[in-house]
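Data first, discussion second: the structure below is written as structure tokens.
The values are calculated or read from the model by the stated rules, or taken from the named source; none is laboratory data. From a predicted model like this one, the values you see are computed outputs, not experimental measurements. For neighbour counting, all protein chains shown are included, and Cβ atoms are generated from backbone atoms with ideal geometry for every residue, glycine included.
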Amino acid sequence: MKKHYQKIPLCILAACMIFVILTAGCTYNGPNPLESTPATPTNSVTAETTQSVQSGSTQPAVSWKDFYPDHTEQEKSQLIEEAKGEVMSTFPDLDKSTLNGNWVEHSRITDDGLEEIGRPYIKFEGIKSTSDDEKYAVFVDPESMKIIYYTPYSGSHTEPVISFNEAKEKAIDFIRETQGDDSIADDPDTYIYTVNCYERDEFGLPVALVNIYKKSNGITYTDNYVMAEYDMNKDNIERYHDNLANSELLSGLTTLSAQPEISFDEAVNLVEDKIAEKYNLDEIGVEYSEVTPYDSYLLWWDDDNIVYADDPDPVPLVWYAGISDENSREESQETGLPARCGAFIVDAHTGEIYRLVYGDIKIKTYGYMG
């Protein structure tokens, strides 16, 4: 069967479809229905240590625990107070008296009742401002004392008053100013993805989206990025998220070769063999596309469940692609939405299928999938 590979650009909400794709199936008529500045490590982990491991062994030499030590309740309280100072120095218009920080542990339950892991952080919510009627949320990394999340609770839905290019540059400036020295905005080893959501989003949100992804050996890290959304109507930042893992932590976990042993076509064959167990490939007409905002099928897949695991494996090199079929492409022509109804992630060294979603096929070995 002839395979088709294409690249489909998406917008801000479509980027969120990556998660939806990996938790849902296709519509068809078949027979089956969270740093830019490295924290000080508590153990003797150095750049020299991680470099020697990368060149010699595939076993990780570091753990997130090396960079996020256990703290007593008194130490947590002290770090929360220190974080308040960082918030106020970055956002002086916020009302300090409304900063009530909560410590979020490495392993936690989300507001939706889901179990997740990730780096610990300090969460400030419901913050009032001295200059407007908005309320804000700010998250702070307790070890680096860097802002890793910021947003007012409301955005605008009216026409832009500044251009996309102006908003894009202001978003990048915000990233640079918030991160300080060694900002990812000044790192040449990155991939930048920008979208004018006012032109390409079906809801017409006046938002300029900027995602900056870190690379290693020329290959993009899927979850190692900084994102900024700039409101082109209000002329201010709507949302900021620094999801960069500590650079030494990520370096110590990226110990595998950047050269794949399994080709993309071989990965596709493995996926199609699995799909063919339930569906007729000639009838459904599957095609594959890059999963925007990534710039390639070949990626370092640094899922939180890998990077922040208590007993970490090396960050895998994977083939990551979206799946569409004839029905989803027909629906795309009618709705204008991306023709995608599934995705796969296959290890580029071993050929293991980490995730596959198509129809009622749902395979996962890492992370949450409903």
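Residues being more than 22 Å from the chain's Cα centre (by Cα) and either basic (K, R) or not assigned by TED's automatic domain parsing to the domain that holds K135 (or both): count how many of those fall in the range 154-189. Qualifying residue count for the region: 0.
The residue that is nearest to D310 (Cα to Cα), counting only those in the range 118-141 that are outside any loop (DSSP other than H, G, I, E, B) and over 20 Å from the mean Cα position of the chain (by Cα), is F124. Tell me the residue from Q54, Q59 that is modelled with pLDDT under 85 and surrounded by 13 or more Cβ atoms within 10 Å (Cβ to Cβ), please. Among Q54, Q59, only Q54 is modelled with pLDDT under 85 and surrounded by 13 or more Cβ atoms within 10 Å (Cβ to Cβ).
Can you give me the ranges of the strands (runs of 3 or more DSSP E) entirely in the range 218-301 with at least 2 residues that are hydroxyl-bearing (S, T, Y)? Steps first, please.
Values: elements: 219-231, 236-242, 287-290, 298-300.
Because the criterion is at least 2 residues that are hydroxyl-bearing (S, T, Y), the strands (runs of 3 or more DSSP E) in the range 218-301 that meet it are 219-231, 287-290.
Residue count for the range 62-115 under the criterion of being more than 24 Å from G126 (Cα to Cα) and surrounded by 12 or more Cβ atoms within 10 Å (Cβ to Cβ): the result is 9. Scanning the range 177-198 for residues that are crowded, with 16+ Cβ neighbours inside 10 Å and touching a helix residue (DSSP H, G or I) at 6+ places or on another chain (Cβ under 8 Å) turns up T178, Q179, S183, I184, A185, T190, T194, V195, N196, C197, Y198. Of the listed requirements (1) out of contact with any Lys or Arg (no Cβ under 6 Å at 6 or more places or on another chain); (2) surrounded by fewer than 24 Cβ atoms within 10 Å (Cβ to Cβ); (3) part of a loop (DSSP other than H, G, I, E, B); (4) not hydroxyl-bearing (S, T, Y), V315 misses just one: (2).
Residues that are surrounded by fewer than 21 Cβ atoms within 10 Å (Cβ to Cβ) and modelled with pLDDT of 90 or more within the range 330-352 comprise H349, T350, G351, E352, listed in sequence order.
Mind checking which residues of the range 174-217 are among the polar types (S, T, N, Q) and either under 22 Å from W301 (Cβ atoms) or in a loop (DSSP other than H, G, I, E, B) (or both)? S183, T190, N211, S216, N217 - these are the residues of the range 174-217 that are among the polar types (S, T, N, Q) and either under 22 Å from W301 (Cβ atoms) or in a loop (DSSP other than H, G, I, E, B) (or both). Of all residues in the range 222-242, those that are modelled with pLDDT of 95 or more and under 11 Å from the mean Cα position of the chain (by Cα) total 5. With S144, S97 as the choices, which residue is assigned to a helix (DSSP H, G or I) and either under 26 Å from L250 (Cβ atoms) or not assigned by TED's automatic domain parsing to the domain that holds D311 (or both)? Of S144, S97, the one residue that is assigned to a helix (DSSP H, G or I) and either under 26 Å from L250 (Cβ atoms) or not assigned by TED's automatic domain parsing to the domain that holds D311 (or both) is S97.
The set of residues in the range 316-351 that are over 22 Å from the mean Cα position of the chain (by Cα) and among the charged types (D, E, K, R) comprises D325, E326, R329, E330, E331, E334.
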